Amino acid sequence: MVACKSETNKDTTSTNQTVQKDKKKEVKISNTSSADYSSLFDTYTCDVSVSDLAKVLQIPEPNISAQTSKSPNECLFKINGFGEGHDNTGTTFRFMSVPSSKGQSKKEIANLLKDKAELPSGVLMGRDIVLADAGDCYITLQPRRGTVRILNQNYDSFFVITYQTKASVQGRTEEQHEALTNKVKDLANYLVTTHKK
């Protein structure tokens, strides 16, 4: 009887190890297929209004003002409530698609996932990578640079959202910067979901 119990325990342990290994493999493997995101990565034109942005970021609408951009594929806003900015007009907030390559995106996704799996906390200086809610794009967070990017290895571009570094915005606290990073992550998920076809 004792031998049977030992064998059962060994089997359970090896099964658990296999499950854990499979989970790690799932994290490291990036999707090779995805929905159509060409309107986000290839032909993006600013389609987000002040009202939309206020709703997604959960910021009062009067605290956001649309700015004129010289680029048709760029959204440009000023946001109040997260520091005064270098000119006392608030935070400059912009997002657009940026030319790159499928190979570069694939390499970056793989490297970030590897770092996340190997680091004890999974995060290096606040930098992180998460799978978007839609399941086939990745969102990378770089709070020190005030940048969030959307990556998909099937496109020759990536999507970037910038909200300025903490040091570049007068009066922005660490708490405000962290809150804004989380709000920008929500915006990235919103954009991926909205453009998924």
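Just wondering, is there one or more residues in the stretch 78-89 that are surrounded by 14 or more Cβ atoms within 10 Å (Cβ to Cβ) and more than 25 Å from ALA167 (Cα to Cα)?
Scanning the stretch 78-89 turns up no residue that is surrounded by 14 or more Cβ atoms within 10 Å (Cβ to Cβ) and more than 25 Å from ALA167 (Cα to Cα).
Among (1) among the β-branched types (Val, Ile, Thr); (2) without any contact (Cβ under 8 Å) to a residue 60 or more places away in the chain; (3) farther than 16 Å from VAL192 by Cβ, where does ILE59 come up short?
Just one mismatch for ILE59, condition (2).
Mind counting the residues in the stretch 168-187 that are under 17 Å from LEU76 (Cβ atoms) and out of contact with any helix residue (DSSP H, G or I) (no Cβ under 6 Å at 6 or more places or on another chain)?
Final tally of qualifying residues: 4.
Here's a check for you: in the stretch 38-58, which residue that is closer than 19 Å to THR147 by Cβ and assigned to a loop (DSSP other than H, G, I, E, B) is most open to solvent (accessible area, probe 1.4 Å)?
My answer is CYS46.
What number goes with the only condition from (1) of a type outside the set (Gly, Ala, Ser); (2) over 15 Å from SER38 (Cα atoms); (3) touching a strand residue (DSSP E or B) at 6+ places or on another chain (Cβ under 9 Å) that PHE159 does not pass?
It is condition (2) that PHE159 fails.
Which residues, counting only those in the stretch 117-169, are farther than 20 Å from SER97 by Cβ and open to solvent by less than 20 Å² (accessible area, probe 1.4 Å)?
Answer for the stretch 117-169, where residues must be farther than 20 Å from SER97 by Cβ and open to solvent by less than 20 Å² (accessible area, probe 1.4 Å): GLY122, VAL169.
When you look at ALA110, is it open to solvent by 20 Å² or more (accessible area, probe 1.4 Å), in contact with a Ser or Thr (Cβ under 9 Å, 6 or more places away or on another chain), more than 27 Å from LEU53 (Cα to Cα) and hydrophobic (A, V, I, L, M, F, W, C), yes or no?
Working: open to solvent by 20 Å² or more (accessible area, probe 1.4 Å): yes; in contact with a Ser or Thr (Cβ under 9 Å, 6 or more places away or on another chain): yes; more than 27 Å from LEU53 (Cα to Cα): yes; hydrophobic (A, V, I, L, M, F, W, C): yes.
So ALA110 passes the test.
The values are calculated or read from the model by the stated rules, or taken from the named source; none is laboratory data. The model shown is predicted, which means the values in this text are computed figures rather than measured ones. No Cβ is skipped: glycine too gets one built from the backbone with ideal geometry, and neighbour counts run over all protein chains shown. All accessible areas refer to the heavy atoms of the entire protein, side chains included, with ligands and DNA or RNA removed. Shrake-Rupley method; radii C 1.70, N 1.55, O 1.52, S 1.80 Å.
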